[in-house]
Every structure is written in structure tokens, then in C-alpha cells.
Amino acid sequence: MQYVHAFGDDALGDSDTVGLVERLRSGDVSAAELVEAAIARTEAVNPQLNGLAYRAFDRARESARQSGSGSSGISGFFQGVPTFIKDNVSVAGMPTMQGADAWQPHPAAADGDFAKLYLNTGLIMLGKTQLSEFGFSASAEHPRIGAVRNPWNTDYTAAASSSGSAAFVAAGVVPIAHANDGGGSIRIPAACNGLVGLKPSRGRLPLDKDLRAMPIRIVFNGVVTRSVRDTAAFYAEAERIARNTKLPPVGDVRAPGTQRLRVAVITQSIARETSPEMRELTCKTAALLEELGHRVDYLDGPPVPAYFADDFLLYWAFLATALVKGGRRMFGPTFDRSRLDNLTLGLDRHATRHLYRLPLAVARLATIRRHTARMFRNYDVALTPTLAHETPRVGHLDPTADYEQIIDRLMDWVAFTPLQNATGEPAISLPLAESAAGLPVGMMFSAPLGHDARLLELAYELEAAKPWRTMAGRA
């Protein structure tokens, strides 16, 4: 076991993102000082955590210089705060390898739609973070690139495809980082690394062109942070830059809501058993909600048919087939499918064998929100564990293992988060519990489409009622 963090007595200190903004505006620190501290912290912990996919330190230094001189042309709320972007969105001048090493990288010609918004908030990008191959696995464990490890205990996975971003935020390298979520990869690494992770409503944040082309847009951009106010501030600033008028506004959420909520508690996933520890911790969170005056009801299981899990897996596998079969067209003539891991190739085989079922699966996924909408007629939010079991050790989801073993273990662990990817409804993971092994455990709250602000208000209330540990407290 190894506990790894980068917190120290430098310009970053133990401040969260909003705290750094306040210090920048007061003149207590400069953007250049923050960037240098973040670079030093990256270099200190990356050998143990393996979260870095691409370094852009010199570019960050130049951005900090321009920020300090006022010549950057950007006046975003977070101007001068260092960050990372996950290596599956386009950033001008940088390669996008998506957690793979199956082709020769080439730099993107321009920022994608999400990077444009993200960098217009004033955040200074230090580089890109590592992910599982194409984001398919819930653990970034590449046979040649290596595993991204959990800073709370490096024997364990940092979890999901946003693992590099989450490991760096938890370890204090930066206070905020980009994450995205196609089956839980904002919420899962938030849960396993002790962070706040909000998967927003569909359409809340922009997607790059390739993701917009999906038949069902199951991928959502967002951030992972150590505090609720950081996540809330990001969505307020993103909405200031580019608001989707088809959704209710998030607004500038800064405090708990006053409304007492009707809460549906679900501890049983569609087809798999939840571990006794996760069930117990979820019930303790439900009890806390009752103490705070919310009404809690326990439901027998998710309000969706049993076929949802198989439909989602087939759609997920279809996305793998598009990448495997279209790899040379997408990534160039150097693409070599023999360098892909067993999960990606196994998903391709699964989709190919069951292609005849795909139209029905897509049709059912497209209408799955009808089922959750019925639940939300009676409840304001739903509570589940973010994950069905405790965080696994590195190797549990070994991508060189047999496909059937990997996919069975994945579906057993990631049993709750995919639903909101299909429905488009918002969901947030909060680190409200701790496992017997001493690792953070996330509790997930979901709400009707467009009610992201409700989740942030509840998150503020729970953060105040039961403050969670961060690694800064053990620095």
C-alpha cells in the first residue's frame, strides 16, 4: 500500500478552485506561481499515479504569462487556475490518443467544441490525462501504458476512463480537471477518489463532433473537483459562456436548497447483487437525509425493465465496432487493431454477433426515460450507491484477461451509473462514505432532466452535514 499526494506549502496550498480564484484576485498568488506549483506537483506524483497522457507545460507557462499581463483575451471566472483535459477531446496542437497506443499520434488542427468552452473559462491547461482504452473499461489498466492508480492507496484502481483527471485532483496536483462520462466515468472516479462528480443533463455542455454523431448521445462532459462549490462555479461559468436555452438554467448555486425532498432509495441494481457494505452505507446516507428532514422511501429496484442492461451493453459494443472497423479511416493508415486490448476487441465481437438486435436495443434505449420519468412523478431525487461493490485492486479488470471475465466483472461493479447516460438525466456522486479498507465511497443522487441545480443544492447540504475527507487533511 502506498498513499500518494502532492499537497504542500506552495502557491497551490490546499485551496480549492474558488479559493484560488479569490487568492488570484487579491494578489496573494499569480497565475505563473500556480502553474509552476502544479507542474512540480505533477512531476512529483505522476511516477506513482501514471495519470499523465500528454504534457504541455511550456504552453501552460506561456498562458500564465499572458494571463498575468492581461493579453490572453480571456476573462473567464477561473482565469489563471491550472487544470488538465482528458485525452479524448480535441485540443489544438495536441494529439488525442484516447487511452490507446494503436496508431501514430498527430496533433489536432483546432480545439473541439468542449475545449473551446472549457478554456474560455480561464483555466490554464497543463496537458492531457490518461484514460482506459477508448473509455470502455471502468479501470485504466493498459498492458503497455500501465495502470492509473488510486492516490488513497496505489494498490487500487483510480477507476473509470476519467481516472487520470480524478487521481490528479484527489492528490492535489490541480483543484479541478475535465472528465467525461459514457457509462459513469465522471461519477465512478469521483466515488473512488473522494471527489464531487456531476454528470449533467443531456445538452448542458457541448460535445465534440464525433460524439454528437452518436445515434444516442450517451457521453457527457463535466469536471471532477474536491468541493461542491467548485463544481457549482464551473457550471455557472459554463452557462455564462454558452447556455442551452432548451434546459432550465443551473444558475449560480451557492447554498443548500430550502425545499425538503422526496427521496427514492434504491440499493438493488437491475440484475446484480449489491455488496452488503455498499447497501449498508447507502442506508446510512438515507438515514442522514431523514435527519435533515427529507422524506425517504425504499424501492425494490430501478424503475426500468431488466433488458436495459443488455441493450446498453450492445450499444456500448456497437461503439467499439465502429472504432475497430473504422480505425484506419479515423486514425490514419498506422492504425493497428492487433494493439487493441481484449475488452475493445471483445466488445467488437459481441456487437458483430448480435448486430440483428441493435435496432431494437437502440429504440428501447431512446425511450428508456419514460420509465424513470414515472418514478420522478413521485420523487424529487433518487439515491443509489455509485457502484455496486467496493473499489477493486489493480488487476481485477486486467484488459489482457479473457473478455468474458472482464465484461462480467464490469457489469457486476458498474451496475447503477449507465442508466443516466441513456436517459440523459443528471446524476452526482458525493464521497459521503468510506469502505472498511479506508477508501472513499460515493453515493449517487439523480434527478429529472434539467434539474441539475437541485442536485447541487442537495450536495451543498450534505457537504455541510457530513464533510468528507480530502487528501489535504492528511498532508
Practice item. Inspect segment 243-250 for any residue being within 24 Å of Gly450 (Cα to Cα), open to solvent by 10 Å² or more (accessible area, probe 1.4 Å) and outside any loop (DSSP other than H, G, I, E, B) and give the result as yes or no. Key: no
Exercise for review: Collect the residues in segment 1-20 that are assigned to a loop (DSSP other than H, G, I, E, B) and open to solvent by less than 30 Å² (accessible area, probe 1.4 Å), keeping them in residue-number order.
Suggested key: Val4, Ala6, Phe7, Ala11, Leu12, Gly13, Ser15, Asp16
Practice item. Hey, can you tell me all the residues within segment 81-107 that are β-branched (Val, Ile, Thr) and open to solvent by 10 Å² or more (accessible area, probe 1.4 Å)? Key: Thr96
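Just to be sure, is Gly122 open to solvent by less than 10 Å² (accessible area, probe 1.4 Å), within 21 Å of Asp336 (Cα to Cα) and at pLDDT 95 or above? Full working, then the answer.
On the way: open to solvent by less than 10 Å² (accessible area, probe 1.4 Å): yes; within 21 Å of Asp336 (Cα to Cα): no; at pLDDT 95 or above: yes.
So Gly122 fails the test.
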Point to revise | Selection within segment 1-19 - in contact (Cβ under 8 Å) with a residue 60 or more places away in the chain, in contact with a helix residue (DSSP H, G or I) (Cβ under 7 Å, 6 or more places away or on another chain) and closer than 13 Å to Val173 by Cα | key: Val4, His5, Ala6, Phe7, Leu12, Asp14, Ser15, Asp16, Thr17
**Study point:** Residues located in segment 341-361, provided they are farther than 28 Å from Thr274 by Cβ, open to solvent by 30 Å² or more (accessible area, probe 1.4 Å) and of a type outside the set (D, E, K, R)
**Key:** Leu345, Thr352, Leu355, Tyr356, Pro359, Leu360
Study note, to complete from the structure: In the set Ala366, Ala382, the lone residue that is of a type in the set (A, V, I, L, M) and open to solvent by less than 60 Å² (accessible area, probe 1.4 Å) is Ala382
Practice item. Scan Leu439, Leu449 and give me the residue that is open to solvent by 10 Å² or more (accessible area, probe 1.4 Å) and farther than 13 Å from Val196 by Cα. Key: Leu449
**Study point:** helices (runs of 4 or more DSSP H) fully within segment 377-475 counting 3 or more residues that are among the hydroxyl-bearing types (Ser, Thr, Tyr) and under 26 Å from Glu280 (Cβ atoms)
**Key:** none
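If you go through segment 31-62, how many residues are assigned to a helix (DSSP H, G or I), open to solvent by less than 40 Å² (accessible area, probe 1.4 Å) and in contact with a helix residue (DSSP H, G or I) (Cβ under 9 Å, 6 or more places away or on another chain)? Can you show your working first?
First, pick out the residues of segment 31-62 that are assigned to a helix (DSSP H, G or I): 31-49, 57-62.
Imposing the further condition that a residue be open to solvent by less than 40 Å² (accessible area, probe 1.4 Å) reduces the set to 31, 34-35, 37-39, 41-42, 45-46, 49, 57, 60.
With the extra rule that they be in contact with a helix residue (DSSP H, G or I) (Cβ under 9 Å, 6 or more places away or on another chain), the set shrinks to 31, 34-35, 38-39, 41-42, 45-46, 49, 57, 60.
Residues in segment 31-62 being assigned to a helix (DSSP H, G or I), open to solvent by less than 40 Å² (accessible area, probe 1.4 Å) and in contact with a helix residue (DSSP H, G or I) (Cβ under 9 Å, 6 or more places away or on another chain): 12 in total.
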Review point. Right, Gln66: part of a loop (DSSP other than H, G, I, E, B), over 16 Å from Val169 (Cβ atoms) and not charged (D, E, K, R) or not?
Key: no
Check your understanding: Of all the residues that make up segment 44-70, how many are of a type outside the set (Gly, Ala, Ser) and on the phi > 0 side of the Ramachandran plot?
Key -> 1
Check your understanding: What are the residues in segment 305-356 that are aliphatic (A, V, I, L, M), over 19 Å from Pro215 (Cβ atoms) and out of contact with any Ser or Thr (no Cβ under 7 Å at 6 or more places or on another chain), if any?
Key -> Ala306, Leu340, Leu345
Review point. Where in segment 128-230 are there helices (runs of 4 or more DSSP H), lying wholly inside it, with at least 1 residues that are among the charged types (D, E, K, R)?
Key: 187-193, 209-212
Study note, to complete from the structure: In the set Val91, Val81, Val148, the lone residue that is in contact with a helix residue (DSSP H, G or I) (Cβ under 6 Å, 6 or more places away or on another chain) and without any contact (Cβ under 8 Å) to a residue 40 or more places away in the chain is Val91
Check your understanding: Across segment 205-240, which residue is nearest to the chain's Cα centre (by Cα) among those that are open to solvent by 60 Å² or more (accessible area, probe 1.4 Å) and either modelled with pLDDT under 95 or closer than 25 Å to Asp87 by Cβ (or both)?
Key -> Arg217
Review point. Given the structure, is Ala422 open to solvent by less than 20 Å² (accessible area, probe 1.4 Å), closer than 19 Å to Leu195 by Cα and out of contact with any strand residue (DSSP E or B) (no Cβ under 8 Å at 6 or more places or on another chain)?
Key: no
Exercise for review: Could you tell me whether segment 127-141 includes any residue that is among the hydroxyl-bearing types (Ser, Thr, Tyr), open to solvent by less than 10 Å² (accessible area, probe 1.4 Å) and within 30 Å of Ser67 (Cα to Cα)?
Suggested key: yes
Point to revise | Set Pro431, Pro467: member being open to solvent by 20 Å² or more (accessible area, probe 1.4 Å), within 30 Å of Asp155 (Cα to Cα), modelled with pLDDT of 95 or more and out of contact with any His (no Cβ under 6 Å at 6 or more places or on another chain) | key: Pro467
Review point. List pairs: first in segment 295-319 and more than 25 Å from Phe445 (Cβ to Cβ), second buried (at least 21 other Cβ atoms within 10 Å of the Cβ), Cβ under 6 Å, 6+ apart or cross-chain?
Key: Leu314/Ala361; Ala317/Leu347; Ala317/Ala351; Phe318/Ala351
Check your understanding: Got a sec? Which of Arg254, Arg272, Arg260 is in contact with a helix residue (DSSP H, G or I) (Cβ under 6 Å, 6 or more places away or on another chain) and in a loop (DSSP other than H, G, I, E, B)?
Key -> Arg272
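The values are calculated or read from the model by the stated rules, or taken from the named source; none is laboratory data. Since the model is a prediction, treat every value here as computed from it, not as a measurement. Reconstructed Cβ throughout: ideal geometry from the backbone, glycine too, with neighbour counts over all protein chains shown. Calculation scope for accessible area: heavy atoms of the full protein, side chains included, ligands and nucleic acids excluded. Shrake-Rupley method; radii C 1.70, N 1.55, O 1.52, S 1.80 Å.
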